[in-house]
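Contents: one structure, followed by commentary.
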Amino acid sequence: MLEGLITKRPVLDVGATGTRAGDAVFYDHNGSPSVTITVIFSTLVAVSGAYAFGSAVGYSSPAKTGVMEDLGLSLAQYAVFSSILTVGGVLGAACSGKMADRLGRRCAMGISQIFCITGWLAIVFSKDALWLDLGRLLVGCGSGVLCYVIPLYLSEISTKNVRGAFASLFTVMLCCGKAVMFITGSLINWRTSALIGAIPCVLQLIGVFFIPESPRWLAKTNAPKVFEAALRRLRGENADISQEATDIRLYTEYTQQISDEGLLNLFQKRYINPLTVGVGLMVFQQIGGLNGFAYYTSFIFESAGFPSSVGSITVAVLQILMATLGVLFIDKSGRRPLLLISASGTCLGCVITGLSFLLQDFHANKDLTATLVIIGVLVFMLSFDVGLGGIPWIIVSEIFPINIKGSGGSLVNLINWTSSWVVSYTFTFLFEWNSAGTFFIFAFIGAVGILFIGKLVPETKGRTLEELQTC
């Protein structure tokens with residue numbers, strides 16, 4: 001296709017590490033530009049949105065008792081409040097790609113946080129279930145957009161040698177937000193917790209005014225001077241951006257000649273591979289049991305006779321460590337190996353958890369079943385955060401050509417949130433039907449996911465976005 005237009009960047013004649021005088025630019029061991037202060041700051045602003053999403057996920061569990069007592073909610077009403085975040089996510093996901101394409105990555109993040117801030121304030125000042133649910137729905141809408149836009153923005157501003165690590169910070173900050181909210185929410189009033197949840201949203205809303213727009217989005221909007229200025233700001237004033245700018249410009253011009261963006265264009269033969277990979281990764285990320293473990297961790301522990309508060313906090317803290325480990329290895333070992341390890345671990349975690357409940361049905365020793373369930377949950381959650389937690393979002397942000405990023409992003413994001421809702425909604429029914437069978441079903445799905453990753457998912461490490469999207 002476009003392989004002839006995309007060329008390799010020349011290696012700069014600089015030292016192994018260090019910075020040039022006057023430039024806050026760092027170089028890797030090959031002498032290639034790695035990151036600048038602008039890229040670091042832009043990344044911190046972007047991932048504050050991931051922290052905000054993590055806070056939303058971790059809010060409902062510790063707030064349950066306080067909200068139900070203060071507002072007189074029934075268990076069914078609180079279940080609606082807890083799960084409506086996913087409904088909002090579906091709504092936000094449906095327009096995430098188009099919003100990022102039409103308004104730009106920065107603007108999409110800013111608008112999303114307006115929804116989130118409004119939602120958190122509605123929860124803070126709510127007097128009944130209606131305002132509580134409306135607030136949670138708005139937070140979900142904003143989160144649905146952020147889940148797509150943040151990894152997309154990070155992949156488009158980073159250089160190929162650190163793109164995976166920077167985009168993986170989305171998962172790390174999500175885990176941090178979830179853990180901190182869970183712990184603090186157990187100690188303070190639920191209204192105060194909601195107010196704290198709005199803080200990272202406000203920080204990102206302010207921060208987007210001080211970071212550059214994605215150069216690749218600017219190239220698509222036919223603003224060459226602004227595009228080059230943004231790229232130079234990201235790479236450093238004295239950096240040679242000529243080759244990278246040419247590659248981006250040529251590729252953008254090429255994709256604009258192919259076809260106009262639109263949902264139907266996704267199903268053309270040339271896009272079947274990225275579409276299959278994107279949809280498959282999002283489906284297997286969710287239907288392998290994630291929300292069954294994530295939203296019902298306390299319930300699973302209690303059902304197996306293990307202290308829920310101890311188990312939940314342990315899982316939340318260890319998730320941060322495992323997500324950080326994934327960041328360190330993603331640009332060294334590659335995406336596929338981490339995905340395969342992660343999928344295998346989640347499959348094993350489901351088998352162990354299912355086995356614990358199977359033994360419980362046969363009235364096995366309670367200490368044994370409790371030990372097995374904590375091992376199973378830990379194996380699943382920690383394995384998930386090494387790869388499946390963030391890498392599918394990274395790969396989706398890398399493989400879709402610029403002309404279908406909007407429609408493709410909206411579709412896979414919508415499928416992700418819809419799959420998430422399906423698991424959240426059906427988990428309790430499946431668990432009541434057969435607790436052990438539920439986790440064995442998740443294990444089977446995980447095994448199919450391993451085969452899918454091994455056969456169809458490409459390795460994207462060390463390649464520019466233009467190289468990936470011309471394959």
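Could you list, ordered by first residue, the pairs with Cβ atoms under 9 Å in which the first is in the stretch 216-232 and closer than 17 Å to Asp101 by Cβ and assigned to a helix (DSSP H, G or I) and the second is open to solvent by 30 Å² or more (accessible area, probe 1.4 Å) and among the hydroxyl-bearing types (Ser, Thr, Tyr), at least 6 apart or interchain?
Phe227/Thr221
Pairs only if they're at least six apart or on different chains, beta carbon under 8 angstrom, first in the stretch 103-122 and assigned to a helix (DSSP H, G or I), second charged (D, E, K, R); list them, first residue then second.
Between residues of the stretch 103-122 that are assigned to a helix (DSSP H, G or I) and residues that are charged (D, E, K, R), the close pairs are Arg105/Glu156; Arg105/Glu213; Arg106/Glu213; Gly119/Arg136.
Can you pull out every residue in the stretch 117-142 that is among the polar types (S, T, N, Q) and at pLDDT below 95?
Hit for the stretch 117-142 is Ser126, nothing else.
Could you count how many residues in the stretch 279-314 are part of a helix (DSSP H, G or I), of a type outside the set (S, T, N, Q) and closer than 27 Å to Ile415 by Cα?
Residues in the stretch 279-314 being part of a helix (DSSP H, G or I), of a type outside the set (S, T, N, Q) and closer than 27 Å to Ile415 by Cα: 14 in total.
Would you confirm whether any residue within the stretch 322-338 is part of a helix (DSSP H, G or I), on the phi < 0 side of the Ramachandran plot, at pLDDT 85 or above and hydrophobic (A, V, I, L, M, F, W, C)?
Yes: the stretch 322-338 contains one or more residues that are part of a helix (DSSP H, G or I), on the phi < 0 side of the Ramachandran plot, at pLDDT 85 or above and hydrophobic (A, V, I, L, M, F, W, C).
Only residues that are over 11 Å from Ile330 (Cα atoms) and of a type outside the set (A, V, I, L, M, F, W, C): list them for the stretch 146-174, please.
Tyr148, Pro151, Tyr153, Ser155, Glu156, Ser158, Thr159, Lys160, Thr171 - these are the residues of the stretch 146-174 that are over 11 Å from Ile330 (Cα atoms) and of a type outside the set (A, V, I, L, M, F, W, C).
Every residue in the stretch 387-422 that is buried (at least 24 other Cβ atoms within 10 Å of the Cβ), β-branched (Val, Ile, Thr) and touching a Phe, Trp or Tyr at 6+ places or on another chain (Cβ under 9 Å), please.
Scanning the stretch 387-422 gives Ile394, Val396, Ile404, Val412.
Kindly provide the set of residues from the stretch 372-386 that are aliphatic (A, V, I, L, M) and either open to solvent by less than 10 Å² (accessible area, probe 1.4 Å) or under 21 Å from Pro458 (Cα atoms) (or both), ordered by number.
Val373, Val377, Met381, Val386
If you check Ala198 against the conditions, is it buried (at least 24 other Cβ atoms within 10 Å of the Cβ) and over 28 Å from Gly334 (Cα atoms)?
no
Is there a residue in the stretch 35-58 that is touching a strand residue (DSSP E or B) at 6+ places or on another chain (Cβ under 6 Å), buried (at least 19 other Cβ atoms within 10 Å of the Cβ) and among the hydrophobic types (A, V, I, L, M, F, W, C)?
yes
Yes or no: the stretch 121-130 includes at least one residue that is buried (at least 24 other Cβ atoms within 10 Å of the Cβ), closer than 22 Å to Ser96 by Cβ and either out of contact with any helix residue (DSSP H, G or I) (no Cβ under 6 Å at 6 or more places or on another chain) or small (Gly, Ala, Ser) (or both).
no
Filter the stretch 61-84 down to the residues that are touching a residue at least 60 places away in the same chain (Cβ under 8 Å) and not hydrophobic (A, V, I, L, M, F, W, C), then identify the one that is nearest to Asn189 (Cα to Cα).
This residue is Gly66.
Quickly run through the stretch 131-148 and pick out the residues that are of a type outside the set (Phe, Trp, Tyr) and open to solvent by 50 Å² or more (accessible area, probe 1.4 Å).
Leu134
Would you call Gly305 touching a Lys or Arg at 6+ places or on another chain (Cβ under 6 Å) and either modelled with pLDDT under 80 or closer than 21 Å to Phe442 by Cα (or both)?
yes
Identify, please: which residue in the stretch 149-167 is open to solvent by 10 Å² or more (accessible area, probe 1.4 Å) and in a helix (DSSP H, G or I) and is, among those, nearest to Ser214 (Cα to Cα)?
Phe166
What are the residues in the stretch 339-371 that are surrounded by 22 or more Cβ atoms within 10 Å (Cβ to Cβ) and either among the polar types (S, T, N, Q) or free of Cβ contacts under 8 Å to residues at least 24 places away in the same chain (or both), if any?
Residues satisfying the conditions are Ser342, Thr346, Thr353, Ser356, Thr369.
The values are calculated or read from the model by the stated rules, or taken from the named source; none is laboratory data. Please read these numbers as outputs of a predicted model, since none were measured by experiment. Note that we place each Cβ from the backbone using ideal geometry, even for glycine, and neighbour counts take in every protein chain shown. To get the accessible areas, we keep the full protein, side chains included, count just its heavy atoms, and leave off ligands, DNA and RNA. Shrake-Rupley method; radii C 1.70, N 1.55, O 1.52, S 1.80 Å.
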